[in-house]
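Visitor: There's a structure below that I have some questions on.
The values are calculated or read from the model by the stated rules, or taken from the named source; none is laboratory data. Since this is a predicted model, take the numbers as computed values, not measurements. Calculation scope for accessible area: heavy atoms of the full protein, side chains included, ligands and nucleic acids excluded. Shrake-Rupley method; radii C 1.70, N 1.55, O 1.52, S 1.80 Å.
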Amino acid sequence: MAPRGSRFHRGLDIACYAGSEVYSVSAGIVTKIGYPYDPRHPIKGKLRYVEVQDGDGMRSRYFYVSPLVEVGDVVRRRELIGVTQGLINIYPGITDHFHFEVKSERGQFLNPHDYLDKKGVGY
Ligand SMILES: [Zn+2]
C-alpha cells in the first residue's frame, strides 16, 4: 500500500500525449467503463476510465482513456483497450497523462508498481 503523500497517490501517473494507445497490463475481462467525475459535467464528464479484472480478481483501472472495448469483453495481455484523452483542455497547465491504479477483489488499493512488476510490464 502506498503511503500517503507518495508520488503514486494510490495510483501511477504516466505522462503521455493525448491519443496515445493504452494496452491492458493483464489478461482479463472488462468489468467497467466508468466516469471518474460526474458524467453531467460538460467538460470533466467526458473523461472515462476502463477497468479490467484479471483471473486473480485484481482490477486494473486506466483513467482518462477513451475506450475501444466494452464491458464483458475478454482482453488479452497487451491488447489495445483505448487511447488517452488528454487533460490540457480541462486543467490548463497540467501535463497530459493517464492514471493507472489497481484494486484488490475487496476494493483495497494495491501498489501499482508491485502489480506491474508481477505482470512483467516495464513503465
Ligand atoms: Zn493520478
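Visitor: Checking the table Lys32/Lys119; Lys46/Lys103; Lys32/Lys118; Lys46/Lys118 against a 28 Å threshold on Cα-Cα, which pairs fail?
Guide: Details: Lys32/Lys119 21 Å; Lys46/Lys103 23 Å; Lys32/Lys118 23 Å; Lys46/Lys118 32 Å.
Result: Lys46/Lys118 exceed 28 Å.
Visitor: Further question: Given the -39500 (n - 2.57) contribution per DSSP H run of 4+ residues, what per-residue ellipticity at 222 nm results for the chain, rounded to the nearest 500 deg cm²/dmol?
Guide: On the way: 1 runs with 8 residues, N = 123.
Using -39500 (n - 2.57) per qualifying helix, the result is -1500 deg cm²/dmol.
Visitor: Could you tell me the relative contact order of segment 1-84? Use alpha-carbon pairs under 8 Å, at least six residues apart, and round to a whole percent. Can you show the working numbers first?
Guide: Details: 167 pairs, mean separation 29.7, N = 84.
Relative contact order of segment 1-84: 35 percent.
Visitor: Right, here's the next one. Using the Karplus curve 6.51 cos²θ - 1.76 cosθ + 1.60 with θ = phi - 60°, what ³J(HN,Hα) values do you get for each residue of segment 53-60, in whole Hz, with x for Gly and Pro?
Guide: Values, residue by residue: 9, 8, x, 8, x, 6, 10, 8 Hz.
Visitor: Mind checking the per residue accessible area of segment 12-119 for me, 1.4 Å probe, whole number of Å²?
Guide: Numbers: 5760 Å² over 108 residues.
Per-residue value: 53 Å².
Visitor: Report in % the part of the accessible area of the chain that belongs to carbon and sulfur, leaving out ligands and nucleic acids; probe 1.4 Å.
Guide: On the way: 3600 of 7080 Å².
Summing carbon and sulfur atoms, their accessible area is 51 percent of the total for the chain.
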